[in-house]
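Okay, so here's the structure we're looking at.
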Amino acid sequence: MLLLTPGPVQTHPSVRAAMDEDIAPWDAEFRPFYTRLRERLRDLAGGAEGVHATLPLQGSGHMILEAALRTYVAPGATLLVPMNGEYAVRIARLAREAGRLVVELPAQDTHAVTPEAVAAALAAHPEATHLAMVQSETGSGIVNDVAAIGAVVRAAGRRMIVDAVSAFGALPLDMSAQPELDAVVFTSNKCLESVPGFAFAVARMDRTEEGAGQAGSWSLDLSDVLAQARRSGWGSLRFTGPVQTLRALEVALDRLDAEGGPAQRLARYRANAARLYAGLCGLGLRPYLNQAEQGPVVVTFHQPDGMDFDAFVRALKARGVNISAYYTTEAPTFRVGAIGDVGLAEMDRAVAAIAETLAAMGKLPAAA
């Protein structure tokens, strides 16, 4: 089966094989391994020793995002959220349910948010202490420019939290160049090409310590994660997690290094996305984004009129291609992931399977 979702992703057999071991996370041999893993992730984020730390949390991207919102934004404080996709909607919900106030910056889910729009919103809302935004919106495929938006946030004297869940390991990020970033959050199972299990924040240690006591949750308190590491060592865990997946992540990071790092991985993903975009356009399908807005992580197309979406996903899976079984865009769409241990051959296979499926359903556009 070819897995082409925005995450979890297709993984290399060596990544999956790394989990074939029982691990005791409090064993002495585990500690140096875990310490090294945290350092590698910090460095990958452009973090600096003594300034930034990797703060792991077992679970999904939503969990680490909520933990960051709770840790860095004080209860009752206000954050600005550019609303150009479903995952921005989820940021707003997580913040509100944690007792934080949200100012929504309206935006279309077909365009990246602009620095000018953010600057205007920050000027209009001096009460907003933070901006929280999605780097790669996997509902539609757009990418927001973290560096450009960060410069505006920095100039306004505000703080920033970035959801890099579907971006980290490929799209550019340099925390040392952006001191306004309190935290960047991500998971192991997207552009890092490992399996689900752990989520991570790479965060400023000073800001993490300042947030002590305001999370309102022991499990989701990143200041407690940092305090425990300082107390017991960087190779220690607070609670038992799916530690076998950390072994898989180590192998996945080795593969990232062997590929040439994030820039080379991004180049592969861009080529994948371009092949998908061109191939599906060649079938007569209508892209959700114009080519200038199309990001490298997921390619999204309008559903043909009258198509039974669930039947399409099932029929495509029967042909060996598994895509997202839901959509989150404003209009009915389907999306195909361009990330994971895949290349142009897999993209061609996906386009061919989509063409066969739509033809069998009588929904292949006449132009094809």
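The values are calculated or read from the model by the stated rules, or taken from the named source; none is laboratory data. Since we're looking at a predicted model, the values are computed, not measured. Neighbour counts run over all protein chains shown; Cβ positions are idealised from the backbone, glycine included. These area figures cover heavy atoms from the full protein model, side chains too; ligands, DNA and RNA do not enter into them. Shrake-Rupley method; radii C 1.70, N 1.55, O 1.52, S 1.80 Å.
Miscellaneous remarks
- Split the accessible area of segment 124-236 by element, probe 1.4 Å, and carbon with sulfur accounts for 54%.
- Using only alpha-carbon positions in segment 178-232, the gyration tensor eigenvalues give semi-axes of 22, 15, 10 Å once each is multiplied by 5 and square-rooted (largest first).
- Theoretical gain in end-to-end length, GLU97 to SER236 [0.36 nm per residue, Cα-Cα removed]: 47.0 nm
- Candidate values (1) 28, 48, 20, 3; (2) 30, 56, 14, 0; (3) 29, 52, 19, 0 were compared with P(r) over Cα pairs in 20 Å bins from 0, in percent computed on the shown model; the agreeing label is (2).
- Centroid-to-centroid, using Cα positions, segment 44-98 and segment 341-357 are 35 Å apart.
- Sparse-neighbour loop sites [GluC sites (Glu not before Pro); segment 69-128; at most 13 other C-beta within 10 Å; DSSP]: GLU127
- Carbon/sulfur fraction of accessible area - segment 263-368, other protein chains in place, 1.4 Å, %: 50
- Cβ-derived FRET efficiency at R0 30 Å, GLU21 paired with ALA325, nearest 0.05: 0.40
- A DSSP coil position with no more than 14 other Cβ atoms inside 10 Å describes the following chymotrypsin sites (Phe, Trp or Tyr not before Pro) in segment 295-368: TYR326.
- Simple spin-label estimate for ALA318 and HIS111 in nanometres, 7 Å along Cα-Cβ: 4.2
- Working from Cα pairs under 8 Å separated by at least six residues, relative contact order for segment 58-188 is 25 percent.
- When the Cα positions of ALA177, SER140, ALA203 are compared along the charge dipole of the chain, SER140 comes out farthest toward the positive end, with charges on each C-beta of Lys, Arg, Asp and Glu.
- Beta bridge orientation in the chain: antiparallel %, DSSP, nearest 5: 50
- Entry comment: accessible area of the chain is 38 Å² per residue, from protein heavy atoms only and a probe of 1.4 Å.
- Cleavage-rule hits (GluC sites (Glu not before Pro)) in segment 253-333: DSSP loop, at most 16 neighbouring Cβ within 10 angstrom: GLU293, GLU330
- In order along segment 264-272, the Karplus-derived 3J(HN,Hα) couplings, from 6.51 cos²θ - 1.76 cosθ + 1.60 at θ = phi - 60°, round to 5, 5, 4, 4, 5, 5, 5, 5, 4 Hz, and Gly and Pro are given as x.
- Note on the chain: helix-only mean residue ellipticity at 222 nm, from DSSP H runs of 4+ residues weighted -39500 (n - 2.57) and normalised by residue number, equals -12500 deg cm²/dmol.
- Whole-Hz Karplus values for segment 153-160 come out as 4, 5, 5, 7, x, 10, 10, 8 Hz, taken residue by residue from phi with 6.51 cos²θ - 1.76 cosθ + 1.60 and θ = phi - 60°; glycine and proline positions read x.
- Model label sites at HIS125 and MET1, defined 7 Å from Cα along the beta-carbon direction, differ in position by 4.0 nm.
- Amide hydrogen neighbours beyond the local backbone of VAL298, cut-off 5 Å, H modeled: ALA338
- Close amide H partners of LEU80, meaning residues 5 or more places away or on another chain with modelled amide H under 5 Å apart, are VAL103, HIS130, LEU131, ALA132.
- Karplus-based coupling profile of segment 9-21, in residue order and whole Hz: 10, 5, 10, 6, x, 5, 5, 5, 5, 5, 8, 7, 7, with θ = phi - 60° in 6.51 cos²θ - 1.76 cosθ + 1.60 and x standing for Gly or Pro.
- In segment 21-113, the portion of solvent-accessible area held by carbon and sulfur atoms comes to 52 percent [1.4 Å probe, whole percent, DNA, RNA and ligands not counted].
- Tilt relative to the chain, helix 86-97 - C-alpha long axis, 0 to 90 degrees, to 10: 30
- Summarising the amide proton neighbourhood of ALA199: residues at separation of 5 or more, or on other chains, whose placed amide H is nearer than 5 Å comprise LEU57, GLN58, GLY59.
- Relative contact order (%) - criterion: Cα under 8 Å, at least six apart; region: the chain: 25
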